Amino acid sequence: MISQSARTVLFALCLMSQLGCILWAQTERDSTSVVDQMTQEVDTSRAYSGNADEAEKFQKDTIKETPNDFSPLDIGSNRGIFILSANKLLQLRILGSVRANFHYTDHELESKQTLNPFDIPTASSFNTPIYYAGFSQTRLGFEVTRRTKTRGDIFVRLEGDFNSSSGGFRVRHAYGEIGRFLVGMTWSLTNNVGYQPAMVSLDGAVGSIGLRTPQIRYSQKLNDRVGYALALEYSEPQINIPDAINASAIQVIPDLTARLTYNTDRLSLRFSGAFTTISGRVVDNTIEYAPGYLGSVAGILSSVKGGNLYFSVSGGHATSHFLDTFNGKNQDMIFNPDESSFVSLDYWAGYISYSHDLPQNLSASLALSYSDIKNKDFQDENRFSNSYATYLNLFWDPVEGARLGLEYAHGKRVDKGDDSGYSNRISLLMYYDF
């Protein structure tokens, strides 16, 4: 039971809050020259402290403005709180997303948030089902745009999540832009994150390239359809060096990456490539070099039977760490004990996917993918050879900014000796972008 005094206090607080709202509303009407509109009727999460018309004139993030350089599950550019300084020379955007994911897998795989066939056990009759739930994909970020008198707008973005290996905060994007130049960490020019539909699996389909690298980038649009970009990037080659070998991998020469895009109303194509140099220090402190390269093509064909058709094919030599499927698997180079030397591996991977919008804010997609590594004769029979994977996704957007996704994923791994293994995963993702 609530006492009479408590009820009196509650009533007083309610009355004060109502009076405060009335006074605030009156003050707001009397000071429209200072604050034009704190909230918009269409989207109450988008608020301005300053002049909304002036805020719209600020430079947009060129990463997001570039066609198909925006992941389907990234926070929408219309979400967040936008604050404009009094002198109208600076805009701050505060953005975030609360995300929960749930997964049930019939095998205990290394990754708990995506189905990567590379991790599927083979030649084993013992299965260990596992259930996982987490909030590590929750994101928080800031974007600042500042005007200069002679150099145009300077744009800075910092965004992170809690998906590090230790469960702590991890930087996803940290970069600045001025004119056609970008400096900082963001998607590699070889990425294909915008060339696939929304998927619950964190890394997308097998063949996805979601690598984020520190880089110096130059971008240029030749016309309304064609553009290109060049960059110096930093990525770490992944090599398993035996303990008995007195050697270490070092980085001496940056990665050289390039991208060419072509866009029409129905077709979007992206051709990208990377040239890397793997450097290693050997026993006598000399440095040896090995070249690596990657080529990739990705595309979207719109309005195919009312939906979108996505595809991507990537392949290369000693650069498998660019692909999410092979990242962290030490498949760039391997040690040949017969000749006491390191040998580069060739690989390729790709996917094709189709998505279709449904009534009631629903959308569905199907993705088929394949990956392959060319094994060497001296490798053991239990080494990864190739994989297949299928992903079926259903998404529902109940209100603007909120999304619910359900996914069924099936994968198969095949070893060099033809042993194989299967795995199935059911996943659920719920999030709200504020």
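If we only count strands (runs of 3 or more DSSP E) wholly inside the range 276-348, which ones have 3 or more residues that are of a type in the set (A, V, I, L, M)?
Once the strands (runs of 3 or more DSSP E) in the range 276-348 are filtered for at least 3 residues that are of a type in the set (A, V, I, L, M), what remains is 287-304.
Which of the residues that make up the range 207-220 are more than 12 Å from the chain's Cα centre (by Cα) and either in a loop (DSSP other than H, G, I, E, B) or not hydroxyl-bearing (Ser, Thr, Tyr) (or both)?
Answer for the range 207-220, where residues must be more than 12 Å from the chain's Cα centre (by Cα) and either in a loop (DSSP other than H, G, I, E, B) or not hydroxyl-bearing (Ser, Thr, Tyr) (or both): 207, 214, 215, 216, 217, 220.
Of the numbered conditions (1) touching a residue at least 24 places away in the same chain (Cβ under 8 Å); (2) more than 28 Å from residue 318 (Cα to Cα), residue 387 satisfies every one except a single condition; which is it?
(2)
Taking the range 242-255 as the search range and keeping residues that are surrounded by 16 or more Cβ atoms within 10 Å (Cβ to Cβ) and at pLDDT 85 or above, which one is farthest from the chain's Cα centre (by Cα)?
Ranking the candidates gives 254 first.
Residues that are over 25 Å from the mean Cα position of the chain (by Cα), on the phi < 0 side of the Ramachandran plot, among the hydrophobic types (A, V, I, L, M, F, W, C) and outside any strand (DSSP E or B): does the range 145-164 have at least one?
Within the range 145-164, not a single residue is over 25 Å from the mean Cα position of the chain (by Cα), on the phi < 0 side of the Ramachandran plot, among the hydrophobic types (A, V, I, L, M, F, W, C) and outside any strand (DSSP E or B).
So, residue 408, is that one free of Cβ contacts under 8 Å to residues at least 60 places away in the same chain, part of a strand (DSSP E or B) and touching a strand residue (DSSP E or B) at 6+ places or on another chain (Cβ under 8 Å) or not?
Judged against the criteria, residue 408 is a match.
Scanning the range 364-409 for residues that are crowded, with 18+ Cβ neighbours inside 10 Å and of a type in the set (D, E, K, R), which turns out farthest from residue 343 (Cα to Cα)?
403
Kindly list the number of the only condition in (1) at pLDDT 95 or above; (2) within 23 Å of residue 136 (Cβ to Cβ) that fails for residue 356.
Only one criterion in (1) at pLDDT 95 or above; (2) within 23 Å of residue 136 (Cβ to Cβ) is unmet by residue 356, namely (2).
Only residues in the range 279-291 that are among the acidic types (Asp, Glu) and surrounded by fewer than 13 Cβ atoms within 10 Å (Cβ to Cβ) count as the first member; pair them with residues that are at pLDDT 80 or above and assigned to a loop (DSSP other than H, G, I, E, B), Cβ under 7 angstrom, at least 6 apart or cross-chain, and list the lot.
As it stands, the answer is none, since no pair meets every condition given.
Taking the range 302-330 on its own, how many of its residues are buried (at least 24 other Cβ atoms within 10 Å of the Cβ) and in contact with a helix residue (DSSP H, G or I) (Cβ under 8 Å, 6 or more places away or on another chain)?
Counting residues in the range 302-330 that are buried (at least 24 other Cβ atoms within 10 Å of the Cβ) and in contact with a helix residue (DSSP H, G or I) (Cβ under 8 Å, 6 or more places away or on another chain) gives 3.
Just checking, does the range 168-184 include any residue being of a type in the set (Ser, Thr, Tyr) and in a loop (DSSP other than H, G, I, E, B)?
no
Looking for something among the aromatic types (Phe, Trp, Tyr), crowded, with 20+ Cβ neighbours inside 10 Å, farther than 30 Å from residue 105 by Cβ and at pLDDT below 95 - is there at least one such residue anywhere in the range 155-171?
yes
Name, by its number, the condition in (1) in contact with a helix residue (DSSP H, G or I) (Cβ under 9 Å, 6 or more places away or on another chain); (2) within 30 Å of residue 333 (Cα to Cα) that does not hold for residue 216.
Condition (1) is where residue 216 drops out.
Could we say that residue 121 is surrounded by 14 or more Cβ atoms within 10 Å (Cβ to Cβ) and either touching a helix residue (DSSP H, G or I) at 6+ places or on another chain (Cβ under 7 Å) or not small (Gly, Ala, Ser) (or both) here?
yes
Just to be sure before I move on: is residue 203 in contact with a strand residue (DSSP E or B) (Cβ under 6 Å, 6 or more places away or on another chain) and either of a type outside the set (Gly, Ala, Ser) or within 21 Å of residue 268 (Cβ to Cβ) (or both) in the structure I sent?
It is false that residue 203 is in contact with a strand residue (DSSP E or B) (Cβ under 6 Å, 6 or more places away or on another chain) and either of a type outside the set (Gly, Ala, Ser) or within 21 Å of residue 268 (Cβ to Cβ) (or both).
Determine if the range 321-332 includes at least one residue that is among the hydrophobic types (A, V, I, L, M, F, W, C), over 26 Å from residue 374 (Cβ atoms) and at pLDDT 95 or above.
No, the range 321-332 contains no residue that is among the hydrophobic types (A, V, I, L, M, F, W, C), over 26 Å from residue 374 (Cβ atoms) and at pLDDT 95 or above.
Tell me whether the range 192-206 contains one or more residues that are among the hydroxyl-bearing types (Ser, Thr, Tyr), surrounded by 15 or more Cβ atoms within 10 Å (Cβ to Cβ) and in a strand (DSSP E or B).
No, the range 192-206 contains no residue that is among the hydroxyl-bearing types (Ser, Thr, Tyr), surrounded by 15 or more Cβ atoms within 10 Å (Cβ to Cβ) and in a strand (DSSP E or B).
Return yes when residue 360 is in a loop (DSSP other than H, G, I, E, B) and under 21 Å from residue 307 (Cβ atoms) and no when it is not.
Judged against the criteria, residue 360 is a match.
The values are calculated or read from the model by the stated rules, or taken from the named source; none is laboratory data. Keep in mind that what you see is a predicted model, and the values were worked out from it rather than measured. Ideal geometry is used to build each Cβ from the backbone, glycine not excepted, and the neighbour counts take in all protein chains shown.
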